[in-house]
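A.B. asks: Could you have a look at this structure, given as C-alpha cells, before my questions?
Here, each number is a calculation from the coordinates, and none is a lab measurement. What you are looking at is a predicted structure, and each value in this text was computed from that prediction instead of being measured. Backbone-built Cβ (ideal geometry, glycine too); neighbour counts: all protein chains shown.
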Amino acid sequence: MSTRPLHAVESLAGDLRAWLPAQRWFAAKGTDLTDVFVERAVMLADGDPALVHALIDADGERYQLLIGVRDDPPEHLHHCVIGRLGESYAYDATQDGELMAGLLALLDAGADHGGIHWTKEPDVELVTGLRARPIGVEQSNTSIVFGYHYILKLFRRPGPRPNRDVELHRALHRVGSAQIADPIAVVEDDELVFGFAQRYLADAAEGWATATASVRDLLAEGDLHAGEVGGDFAGESSRLGMAVAQVHADLAATMGTEVVSPDRLTEAVEVMHGRLDAVTAEVPELAEFEPMLRAAFDAVRHLRESQPIQQIHGDLHLGQVLRTATGWVLIDFEGEPAALATDRAKTRSPLRDVAGMLRSFDYAAFALLGADDDHQRTTRATEWSDRNRASFCEGYASVAGADPRDQAVLLRAFELDKAVYEVAYEHRNRPDWVRVPLTALRRT
Amino acid sequence: MTVHDATAPDAALGLEGIPHTGEALTADGHLTEPQAEDFKHARTVPQDLLWYKSAVFYEVLCRAFNDSDGNGTGDLRGLADKLDYIQWLGVDCLWLPPFYASPLRDGGYDISDFRAVLPEFGTVDDFVYLLDQAHQRGIRVITDLVLNHTSDAHPWFQESRQHPDGPYGDYYVWSDSDEAYSDARIIFVDTETSNWTYDPVRGQFYWHRFFSHQPDLNYENPEVAEAMLDVLRFWLDIGIDGFRLDAVPYLFEEEGTNCENLPRTHEFLKQCRKVVDDEYPGRVLLAEANQWPADVVEYFGDPDKGGDECHMAFHFPLMPRSFMAVRRESRFPISEILAQTPSIPDGAQWGIFLRNHDELTLEMVTDEERDYMYAEYAKDPRMKANIGIRRRLAPLLDNDSNQMELFTAMLLSLPGSPVLYYGDEIGMGDNIWLGDRDAVRTPMQWSLDRNAGFSRCDPARLYLPAIADPVYGYQAVNVEAQMNNTSSLLHWTRRMLQVRKEHPAFGLGDFTELGSSNPSVLAYLRRHLSPGAPEDLVICVNNLSRFPQPVELNLSDHAGWVPVELTGGVRFPPIGELPYLLTLPGHGFYWFQLTPEEGEGP
Ligand SMILES: Nc1ncnc2c1ncn2[C@@H]1O[C@H](COP(=O)(O)OP(=O)(O)OP(=O)(O)O)[C@@H](O)[C@H]1O
Ligand SMILES: [Mg+2]
C-alpha cells in the first residue's frame, strides 16, 4: 500500500458514511451519519493484501474497523467492499480469512504495533498456523474463529480498560471454573480494549437452539404434556441451573460478596418505576399492566431481609449459554448492553441473572408460536415454560443451597422489570415479538 | 473304569454315548476329559492379526436361527445351512452365545461341560463342521466362555463336593462360614440373598457371584487357572476365532474389597492373552464388563504394549445414550459419553451394539435418565426386565424405517466394531408376553412358510412361537420377501455393510466430532492414514430430529475437497472457506468421503 494508513482511511470517509449504518453492529440504526472522523489508523500488515487497524468517530461514537486492501479481491470478499483506494479496494477485513489468520501470529508474537498490544494470558501456549474464519452469526461485535481452537471477539465499540468481559473471565479462570471458555489473549492499547480471545468450544451449541428444539418437539405432539415428550428439556434446564449457580458461587468466592440492608433496594425500585414510566409512554399496550407492575415493584420496599450482592453475569439468557459435550458454559460477561459502563461494573443481586434466564425460558417457549395460535398450543408452550423454569430453579438450588423461588417478591420484581425492558426492545426492533413479553405479563 | 451310579461325577450331564468330561477317572482320581485331538479341526481363514478392528459381528442364537432336524429347536447344522445368507449379508464374524452342555438354568451360561456341546444343538463334530464351512466363506466365529463359574452339574463340582481331599477339592471357593468377602454386592438381588450357599454334601458353604447353582471357580488354585487355559486351547485347537469372556470382573476374591476388577483378575487375563498371542495369533478375546468406559479400558491391558489383556470390550453406555439422543433430538447424550470415553490401546477395539439377546441395559445411565428411558421406550411394564428394556430394535423405534436406518448408520460409523443382532436386519419384532428375556429370542423369520421357515416341526413343538402379529409377524417380515425387494431394510443393511467395508476409516480411523450450531445434528469425521495408501476421510452427518434440519459444518481445513456421498457416489459441491451447508430430512443421515478436487493432487 503506497499511502500512509491514516490518509488512506481518511480518504474513505465518504464511503464509510454510507457503509457504517448498514452494519449489524452499528448502534444508531436508522439515523443518517453526518460526521465520520478517523481517530487513528495503524498498519498491521503491508503489501497486497494489506491490513489496517482503524478507530473511527462516527457522530461521536467510536468504532473499531479492520480494513483490508487488495488490488484484486477474490469474489467472496466483494460483498464487503467499502470503497476504492486508488487502484485498490478497501473492504471489511474481518471477512478475509487470510488476513485474519495473521492476527493469531500477532497474538503469538506478543506484537506491539503503533501502541496496540497483543498479549497472551499467562501460561497460554498458542497453537499457530490455523485457518481463520468469521463466525458468521448476527452479533453486536465481530468474532473470528481460528481452526477449532480459539475465538477472538473484536469489540466494534471498544471501551476503556478494564473490560468487564475480560476481568470476569480472568477471575473465574483463576478459580478453575469449568463453566467458562478459558481466556487466551487480549488486544488493547493503554486506554482501550479492542479484542478478547478465548478457547473456542467447537462442540458447542447455543442454549437457545437446544431449548427451541425441545419446544418444537412438544408443539408437534399435540396431545402430550411437556414432561411426556421425548424432547423433554427439564434435565438440561436443571443442569443449566446448576452451572449458573456454580458461576455465581465462583464469582462470589473470587471477587467478593457483600450483604446489604433492604433499604438499598429502594434505589432499584425507583429505577424500575422509571423504566416503566418511559416504556408506557412509548408503548401504550403496557398501560393495562401498570397497576400490577407498580404493585409488584413496590412490594420490594417492604422486604425486611438483607440481600447479598456480588458480581453477576448481568445479561444472562439462553443465547449466552453454550451446551458442550462436558456441560453448560456461560459466555459474554460484558453485562447489560443498555447500561453505562460504570453501572455494569456494579455488584448486584444474583437473582437478576436468575430472572433473566427465567424470562428467556418463556421466550423460548413462545418463540415458535404465531400471533394467532390456538389455545392448545398456547397451553403447551406455557407448560414447557413452567416446567423448565421450575427445573432451572431446582438445579440452581441444588448448588446454591437456597431456592431462588423462596425470594418470590424480589424475583418477581426483577422478572417483571426485565419484561418491561423487553417490551421496549421488541417495540423498537422486532414489533412482531412484542406479544411474547406482553403474553407473559398477561399470565401473571 | 466307568461309573454309572448317581454319585458319578458325570451323572448330571445327560451325555451318555457322547464324549464328555468325567466318562472315566484315572487311578489318581482325575476326570478324563475330551481332547482336541479327538476331533477334526476346521480349516482356517487367511491370517489377519487385526481383523476384529474392522469386522462387522452378527450375534446369532443357535436355538433361534434354523432347525435342521425338525425337533423345534435351532441347531449347529441348521445354522451352517444358513451361512450363505450370512455371507451374502456381509457379516465378518458370528458371535454364538454358549452352546455347551448345560442344564440351561441360565440360558446356557451355566456350563456343565466345557468340552461338550448341548445335545439339542448337536455335537462337537457339528461345531467343527459349522466352523469349517464358515471359514470357507471367510466368516469367523467366536463364542461365549464363562470363566468365573460353572454349573453345579459340572463333574468338577460334583467331585469337589464329594471328595474334598481329591484332585478337585480345591476347584471351588469353599468355606466353613458364610461371612467372608462381605463387601461384595449381590448381583441377582431378585433371587439370591447371599453370595454363599451351604452344600449339605460337603458340609461347607460355596461362593457364587451369580446364581446359587453357579459355583465360582477358585482361581487361587493354579490348577484351576491351568484347567481353564486348557479349555481355551481345546476350542482354539479346533479352530475357533475367539471368545467373548462373560462376567470377567469377578474371577478373584479378596477380603476387604468388593471383589471386582482385582489386580489378580487382570493378571489372569494377561495369561489368557499370552496363550492367544503365543499359540494362536489372530484369535481374539472380547470382554464383557458392564461398566463405565473409563473402567472398562482396564480390560484392554497395558497401552504401552498395545494392550495385553482383551482385544475388545463392549461399550455399554453408548447404546442407551443413542436412543436417548434421538428421542431428545439432541446430540449431547452421545457427544457426552464419547467425550468421556478414554482412548484405547492401538491393538484394542470397542464392540458397539444397538440391541442384543439381553435387555437394553440401563445400568449405565443416571436414575433420572433411566426413568426417562422407561417412559419413552417401555410404555408397558411388561417391556421392562431387570434394569433394562426387553425389546427389539424395530418395535423400540415404532417400526419407523427412517429411524431404523439412522440408528444402523450410526452403529456402523461410530468408533468400534458393530455387533448386529439376528433378525434386526429385517426389522423383526418381539413378543413381550413371553417370560424373562425370551421376548427377543423368537425364531428367525425366513419365509412365510410354516413356522416362518425356521423348522418343519409341528408349531406346538417350537422352543418359542414365531412372531405372528400383523405388523411384525413372519407373514409380513421375513428374509425371503425382503431378498426379493431391493428397497427392503435387508438390502439397505447389506449395502451399508458393503460401503463400510470399502472404507478403512470406519474400523481403523480416528474419530473427531464436528460441532455445529445445530444441537440436533451429530456430525463426525473418521480419518485413517496408512503408509502407502491415500488418506481415507469420511464424514458422517446424522439428523437426530424428526424434522428436517440445516447444518453448517466447519470444514475449511478441507477447503477445495469434494464430498462424495458414499451410498450413491453423488459428488456434492466442493468445500470452500465458508461453513459447509447441508440440509437433512427428518432422521436423515449422510456419509461422505472427502476426495481431493479432480485434477489436483493424487
Ligand atoms: N468460546 C466460544 N466457543 C464457541 N462459540 C462461541 C464462543 N464464544 C462465542 N461463541 C459464539 O459466538 C456468538 C457470539 O458470541 P458473544 O455473545 O460473545 O458475542 P457478542 O458480539 O456479544 O454477541 P451478542 O451481540 O449476540 O451478545 C455466541 O452466540 C456463540 O454462538
Ligand atoms: Mg470368582
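A.B. asks: Collect the residues in the range B:36-75 that are β-branched (V, I, T) and buried (at least 18 other Cβ atoms within 10 Å of the Cβ), keeping them in residue-number order.
C.D. replies: Of everything in the range B:36-75, those that are β-branched (V, I, T) and buried (at least 18 other Cβ atoms within 10 Å of the Cβ) turn out to be B:V45, B:V56, B:V60, B:T73.
A.B. asks: I've got another one for you. Of the conditions (1) within 14 Å of chain B (Cβ to nearest Cβ); (2) loosely packed, with under 15 Cβ neighbours inside 10 Å, A:L240 clears all except one; give me its number.
C.D. replies: Against the list (1) within 14 Å of chain B (Cβ to nearest Cβ); (2) loosely packed, with under 15 Cβ neighbours inside 10 Å, A:L240 comes up short only on (2).
A.B. asks: Could you look through the range A:361-376, keep only residues that are assigned to a helix (DSSP H, G or I) and in contact (Cβ under 8 Å) with a residue 60 or more places away in the chain, and pick out the one that is farthest from the chain's Cα centre (by Cα)?
C.D. replies: Among those residues, the one meeting the criterion is A:Q376.
A.B. asks: Here's a follow-up. Looking only at the range B:153-169, decide whether some residue is part of a strand (DSSP E or B) and farther than 26 Å from B:W446 by Cα.
C.D. replies: no
A.B. asks: Something else now. When the residues of the range B:503-516 are narrowed to those that are under 26 Å from the mean Cα position of the chain (by Cα) and hydrophobic (A, V, I, L, M, F, W, C), which ends up nearest to the other protein chains (Cβ to nearest Cβ)?
C.D. replies: Only one residue tops the list, namely B:F511.
A.B. asks: Here's something else I'd like to know. Which of the residues belonging to the range A:424-438 are crowded, with 16+ Cβ neighbours inside 10 Å and under 20 Å from A:L368 (Cβ atoms)?
C.D. replies: Hits for the range A:424-438 are A:Y425, A:E426, A:W433, A:V434, A:R435, A:V436, A:P437, A:L438.
A.B. asks: Okay, moving on. In the list B:A55, B:A6, which residue meets the criterion of being part of a loop (DSSP other than H, G, I, E, B) and either touching a residue at least 24 places away in the same chain (Cβ under 8 Å) or closer than 29 Å to B:D438 by Cβ (or both)?
C.D. replies: Of B:A55, B:A6, the one residue that is part of a loop (DSSP other than H, G, I, E, B) and either touching a residue at least 24 places away in the same chain (Cβ under 8 Å) or closer than 29 Å to B:D438 by Cβ (or both) is B:A55.
A.B. asks: Next up: Collect the residues in the range B:248-272 that are surrounded by fewer than 20 Cβ atoms within 10 Å (Cβ to Cβ) and either touching a Leu at 6+ places or on another chain (Cβ under 8 Å) or of a type in the set (A, V, I, L, M) (or both), keeping them in residue-number order.
C.D. replies: B:E254, B:L262, B:R264, B:Q271
A.B. asks: Quick check on this structure: which one of A:A213, A:A220 is outside any loop (DSSP other than H, G, I, E, B), surrounded by 23 or more Cβ atoms within 10 Å (Cβ to Cβ) and not hydroxyl-bearing (S, T, Y)?
C.D. replies: Criteria check complete, one pass: A:A213.
A.B. asks: Which of the residues that make up the range A:111-151 are within 14 Å of chain B (Cβ to nearest Cβ), not β-branched (V, I, T) and not in a loop (DSSP other than H, G, I, E, B)?
C.D. replies: Matches in the range A:111-151: A:A132, A:R133, A:P134, A:S143, A:F146, A:Y150.
A.B. asks: Quick one: which residue in B:F252, B:F211, B:F243 is within 10 Å of ligand 2 (Cβ to nearest atom) and either assigned to a loop (DSSP other than H, G, I, E, B) or away from every other protein chain (no Cβ under 14 Å) (or both)?
C.D. replies: B:F252
A.B. asks: If you don't mind, another one. In the range B:83-103, what residues are more than 19 Å from the chain's Cα centre (by Cα) and free of Cβ contacts under 8 Å to residues at least 60 places away in the same chain?
C.D. replies: Those that are more than 19 Å from the chain's Cα centre (by Cα) and free of Cβ contacts under 8 Å to residues at least 60 places away in the same chain: B:D84, B:S102.
A.B. asks: Would you say B:L147 is surrounded by 19 or more Cβ atoms within 10 Å (Cβ to Cβ) and closer than 30 Å to B:D84 by Cβ?
C.D. replies: For B:L147, the condition - surrounded by 19 or more Cβ atoms within 10 Å (Cβ to Cβ) and closer than 30 Å to B:D84 by Cβ - is not met.
A.B. asks: If you go through the range B:223-234 one residue at a time, do you hit one that is of a type outside the set (S, T, N, Q), within 14 Å of ligand 2 (Cβ to nearest atom) and crowded, with 23+ Cβ neighbours inside 10 Å?
C.D. replies: Within the range B:223-234 (the criterion being of a type outside the set (S, T, N, Q), within 14 Å of ligand 2 (Cβ to nearest atom) and crowded, with 23+ Cβ neighbours inside 10 Å), the answer is no, since none of the residues qualifies.
A.B. asks: Just to be sure I understand, how many residues within the range B:540-565 are of a type in the set (F, W, Y) and either crowded, with 21+ Cβ neighbours inside 10 Å or more than 10 Å from chain A (Cβ to nearest Cβ) (or both)?
C.D. replies: Count: 1.
A.B. asks: Within the range B:575-602, which residues are part of a loop (DSSP other than H, G, I, E, B) and more than 13 Å from every other protein chain (Cβ to nearest Cβ)?
C.D. replies: B:P585, B:G588, B:E597, B:E598, B:G599, B:E600, B:G601, B:P602
A.B. asks: What about A:G97, is it within 11 Å of chain B (Cβ to nearest Cβ), without any contact (Cβ under 8 Å) to a residue 60 or more places away in the chain and of a type outside the set (S, T, N, Q)?
C.D. replies: yes
A.B. asks: Here is a further query. Please go through the range A:43-84 and give me each residue that is under 15 Å from A:L12 (Cα atoms) and among the charged types (D, E, K, R), ordered by number.
C.D. replies: Selection gives A:D57, A:R70, A:R84.
A.B. asks: Also, I was wondering about something else. Can you find a residue in the range B:517-524 that is in contact (Cβ under 8 Å) with a residue 40 or more places away in the chain, within 14 Å of chain A (Cβ to nearest Cβ) and either part of a helix (DSSP H, G or I) or loosely packed, with under 15 Cβ neighbours inside 10 Å (or both)?
C.D. replies: No - not one qualifying residue is present in the range B:517-524.
A.B. asks: Filter the range A:189-206 for residues that are assigned to a strand (DSSP E or B) and either within 14 Å of chain B (Cβ to nearest Cβ) or of a type in the set (F, W, Y) (or both); which is farthest from ligand 1 (Cβ to nearest atom)?
C.D. replies: Top of the filtered list is A:F194.
A.B. asks: Applying the selection to the range B:526-539, what residues are buried (at least 21 other Cβ atoms within 10 Å of the Cβ) and either in contact with a helix residue (DSSP H, G or I) (Cβ under 6 Å, 6 or more places away or on another chain) or within 14 Å of chain A (Cβ to nearest Cβ) (or both)?
C.D. replies: Within the range B:526-539, B:R526, B:V538 qualify.
A.B. asks: Can you tell me how many residues in the range A:207-237 are among the aromatic types (F, W, Y) and within 13 Å of ligand 1 (Cβ to nearest atom)?
C.D. replies: 1
A.B. asks: Hey, does the range B:27-35 have a residue that's out of contact with any Gly (no Cβ under 7 Å at 6 or more places or on another chain) and crowded, with 21+ Cβ neighbours inside 10 Å?
C.D. replies: yes
A.B. asks: Just one of A:A325, A:A341 is within 16 Å of ligand 1 (Cβ to nearest atom), out of contact with any Cys (no Cβ under 7 Å at 6 or more places or on another chain), more than 30 Å from B:Y524 (Cβ to Cβ) and small (G, A, S); which is it?
C.D. replies: It is A:A341.
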